[in-house]
Amino acid sequence: MPDIWQTLSAEETALRLEVNTTKGLVDGEARSRLERVGPNMLERGPGVAMWQMLLNQFKDFMVLVLLAATAVSGFLGEWSDAVTISIIVLLNAVLGVAQEYRAERSMEALRELASPEARVIRNRMERKIPAAELVPGDIVLLEAGDRVPADIRLTRTVDLEAVEAVLTGESTPVRKHTRALEKTAGPADAGNMVFMGTALTRGRGQGIVVATGMATEMGQIAGMIQEAEQEPTPLQKRLAQLGRGLVLFCLAVCAMVVVAGVLRGEAVYQMFLTGVSLAVAAIPEGLPAIVTVALAVGVQRMIRKHAIIRRLPAVETLGCATFICSDKTGTLTQNEMTVRRVYLAGRELEVSGEGYDPKGKFTGESAHEGPDFDKLMSLAALCNNATLYKDDISIGGLFRKTRQGKDTSWHIAGDPTEGALLVLAAKAGFWRERLEKKARRLAEIPFDSERKRMTVIYKGAGKIESLVKGAPDVVLELCTHYLREGRPVALDNRTRTAVMKANSSMAENALRVLGLAYRELPVGFNAEQADAKDVERNLVFVGLAGMIDPPRPSAISAVHTCRRAGIRVAMITGDHQLTARAVAREMGIAGWDSRVLTGEQLEQMSDAELAGVAEDVRVYARVSPRHKLRIVRALKGKGHVVAMTGDGVNDAPAVKEADIGIAMGITGTDVTREASAMVLMDDNFTSIVAAVEEGRGIYDNIRKFIRYLLSCNVGEVLVMLLAVLGGMPLPLLPIQILWMNLVTDGLPAMALGLDPIDRDIMRRPPRNPQESVFSHGLGWRIVGSGTVIAVLTLAVFGLAYADGYNLDLARTMAFNTLVFLQLFYVFSCRSEHLSIRELGVTSNPHLVWAVLISAGLQTGVNYLPFLQPIFHTVPLSLHQWLTVIGVALLPAIAGALKGQVGNRLRERVTYLKV
């Protein structure tokens, strides 16, 4: 039980678990412990077994009726029909299992990709590992926004607070500490512990894993926890309703066929079997499974484009997005900060160098001289939690030469903004590891998006100082003096104006600016009880650091793609409005005259006023997470489908409120990821646009096979209905109907779900989420195509029968004509806007192979001697095959000609407009 760890000190806990809190576990020991205790996962209920999936296929009412009819066939001595129908039903069931299994595997892969990670120290290195690989003794690093990955005894805390409602029911954040308790307590009173599944809302900390998996507090109540089911998408719900309506309609039509046939003198048994077979073929029972497969395949394609879908309805909503509200840093920009300019005591210095390499020069008047410069550099290094390291050097070994003298690249562990300051200081020879040999950190007040600043308290050289960095206007407001030639001088209005002018100059050049200041605290100051009001007042201003975060070239292209697709993009940032405007202009998000709305202006606006201008604002500057929620609500109130990005814990409400909440996979917190519908694995805006494109493509593909399945089903039903009403012999036998359903509705329909995205899909406006799946004339196209298929099939059957061919031959020609009409028609269903010629027949190889396999199976039914008596087919002559194939190609040829004429007309209209 984890309770015992509460009464032990941090040192005793580390001793019992045989771990050094600085070095962490070595990989070999971690692997050994993982084998001993098992993965850090809660036990799941058993999944659906394959045999259960197969059994479920036979629970459909129409399949049960067909099996009953098969039994009747056997009882009447029609054993060939009975066996063949049984085999076809079994093949259909196997196909259904394959679709269901594939969908389930895809969803399982999604769950694995979206599984949480943990930051640990192993082999003296900070790294991220899957939370499932945590073992007792692991040293875990924690910060606000994390979902706690295991039960952890805290060894260090900085303003750490956790919400433990999942265990205690109490939603108020609990303050955490590292002191040992006098006696064991429950989760609600264990202040020196954090527990699996709880959320950190403030501060940061470090601790030792003491329990994992089912041994955790959460594991004790795992039996009461059920994993949330994937909710069906709105489209799936609408299709389920449509399916129920189609079932009733098909049953009515099939009953009409049966009654008409019996009244005409056909055998009751024959017509009953025909009616049941036609109902099985006509009812699109495979539609839900194919929709699920299409969604799953589309989601897999999104993963390859670095977007993980956490909730299936988001796939459908993505195609409807009309507004994307994106963070600037790291999403629209590269998130590789480099300080380019420094301001102190009335002078500016230019800084050279690239990336995180600590090599660079300072140019400007007296660049390397004076205590002001030294103070700024030490402030940049110490008021910092990032770590600078090389590829193959541990964090603690920054000053050792690389192995074998290799020149390896430098990296940052931590926040890129802090990394840029760390590199700036290193360029001047100020390394935090060296500075901390003479000064010791006593406390920290973490950065907060509301406060827009961070403070640390250091003791060294006989004095205690608070070091502050943050937004220049915020920091300057707290200052009463500024540093000049090593001495604090009273800060007058003239100097304040000069500082803000320097800040504006940097911002106009798209630099992100931070202000740095300090204050000497009284000797004996109690840092453990430090309060922001005490240590962040009467500060001495030291200088500004302006850093560049270059826009992602791919993001600029993606913004232009959004504009062509009718999607508006708004940039949201905490930066100065001049910086925000400059970056937005460079990226094509905003023009020179575009409106910029600041957080201060937002505060003064009512919700109604914000709703009135939100559609026209492209840049939001100096905003905090709570403003994001108001922006989302304002845009949704104007009828927009809004995508909103977020990373911090305070972004979670806005991300959850958005139609498509998007969390960052690299910099995002666990809490925000759990509130989101989609996670960006690379934190890149381009991945959002790629996901929107995939969302549109998935919906297009679903419409494609709805068009194909229903058109073919309408054609099959009409063939039988019109023949019976017209007094013709039955053009198809029950066994032929069932076989046709197998070869045409199976592989080709599934292959449509893998169809490449239309190349013009991002040149269309967003789809209205309320529109019917049959919108834009799809319903009429289905009825029209089905009628054409039926008329052509009956024409071939009627002409063959009238020419004196025997009934089996006429049926064989009708049977093949109907099958090949459907197999050729599937290519016409690939696009509602482009012709087969424009698409290219081979651009979807899956579909080509599906049609070839189906055609091969159909040919086998005609020519294999042991199948001919079962399916009542006869070999066709070359002339008869030319008739069948020629008629089957007519709709495709007509469609291609129509598309070509339509394109020429559109080109002519465009030319006249120009």
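Loop-located GluC sites (Glu not before Pro) across the stretch 312-366 with a Cβ neighbour count of 12 or fewer within 10 Å are 354, 365, with loop assigned by DSSP.
Among the trypsin sites (Lys or Arg not before Pro) within the stretch 143-179, those in coil by DSSP and having at most 13 neighbouring Cβ atoms inside 10 Å are 179. Rounded to 0.05, the FRET efficiency of the residue 123 and residue 11 pair, given R0 = 30 Å and the Cβ-Cβ distance, is 0.90. For the stretch 604-660, with equal point scatterers placed on the C-alpha atoms only and solvent neglected, what are the log10 I(q)/I(0) values from the Debye formula at q = 0.15, 0.24, 0.28 1/Å, to two decimals? Taking Cα atoms of the stretch 604-660 as identical point scatterers yields -0.38, -1.00, -1.29. Roughly how many Å is it from the Cα centre of the stretch 1-34 to that of the stretch 586-614, as a whole number? So the separation of the two Cα centres works out to 52 Å. Each label point was placed 7 Å from the Cα along the Cα-to-Cβ direction; for residue 808 and residue 55 their separation is 4.2 nm.
Here the alpha carbons of the stretch 297-394 define both size measures, Rg and Dmax, at 21.6, 63 Å. Which of the trypsin sites (Lys or Arg not before Pro) across the stretch 523-632 are loop residues per DSSP, with 13 or fewer other Cβ within 10 Å? Sparse-neighbourhood loop trypsin sites (Lys or Arg not before Pro): 537.
Answer rounded, prolate or oblate for the stretch 672-775, using the Cα gyration tensor with square roots of eigenvalues a ≥ b ≥ c: rounded when a/c is under 1.5, else prolate when a/b is larger than b/c, else oblate. Working shown, then result.
Numbers: a/c = 3.53, a/b = 2.75, b/c = 1.28.
Because a/c hits 1.5 or more and a/b exceeds b/c, the stretch 672-775 counts as prolate.
Quick one: Debye curve from the C-alpha atoms of the stretch 542-604, no solvent, what's log10 I(q)/I(0) at q = 0.14 Å⁻¹? Reported log10 I(q)/I(0), two decimals: -0.48.
Per the Kirkwood formula on distinct C-alpha pairs, the Rh of the stretch 292-334 is how many angstrom? All intermediate terms of the calculation are to be shown ahead of the outcome.
Values: mean 1/r = 0.0841 Å⁻¹.
Hydrodynamic radius (Kirkwood, Cα only) of the stretch 292-334 equals 11.9 Å.
What base-10 log of the normalised intensity I(q)/I(0) is obtained for the stretch 487-628 from the Debye formula, alpha carbons as equal point scatterers, at q = 0.08, 0.10, 0.16, 0.17 Å⁻¹? With one equal scatterer per Cα and no solvent, log10 I(q)/I(0) is -0.33, -0.49, -0.97, -1.04. Taking R0 as 56 Å, what's the FRET efficiency between residue 268 and residue 763 from their Cβ-Cβ distance, rounded to 0.05? Efficiency at R0 = 56 Å is approximately 0.45.
Using a Förster radius of 45 Å, what is the FRET efficiency between residue 29 and residue 182 based on their Cβ-Cβ separation? Nearest 0.05, please. It would help to have the intermediate numbers written out before the result.
On the way: r = 32 Å, r/R0 = 0.72.
The computed FRET efficiency comes out at 0.90.
Counting 0.36 nm for each residue step from residue 626 to residue 866 and taking away their Cα separation leaves a gain of 79.1 nm. Computed from the Kirkwood radius of its Cα pairs, the Stokes-Einstein diffusion coefficient for the stretch 561-699 at 20 °C and 1.002 mPa s stands at 140 µm²/s. Accessible surface ranking for 151, 593, 189, 1.4 angstrom probe, highest first: 593, 189, 151. For the stretch 435-516, compute Rh as the Kirkwood radius over C-alpha pairs and then the Stokes-Einstein diffusion coefficient at 25 °C and 0.890 mPa s; write the answer in µm²/s, rounded to an integer. Translational D for this selection: 171 µm²/s.
Computed from the mean reciprocal separation of all distinct C-alpha pairs, what Kirkwood hydrodynamic radius does the stretch 833-879 have, in Å? Each step should come with its number before you reach the end.
Working: mean 1/r = 0.0777 Å⁻¹.
Result for the stretch 833-879 stands at 12.9 Å.
For the listed residue pairs 328/636; 359/437; 359/390; 328/452, the alpha carbons are over 18 angstrom apart in 328/636; 359/437.
The values are calculated or read from the model by the stated rules, or taken from the named source; none is laboratory data. Remember, it's a predicted structure, so these values are computed and weren't measured experimentally. Using ideal geometry, Cβ is built from the backbone for each residue, glycine included, and neighbour counts are taken over all protein chains shown. Just so you know, the surface numbers come from the protein's heavy atoms only, side chains and all, with ligands and any DNA or RNA stripped out. Shrake-Rupley method; radii C 1.70, N 1.55, O 1.52, S 1.80 Å.
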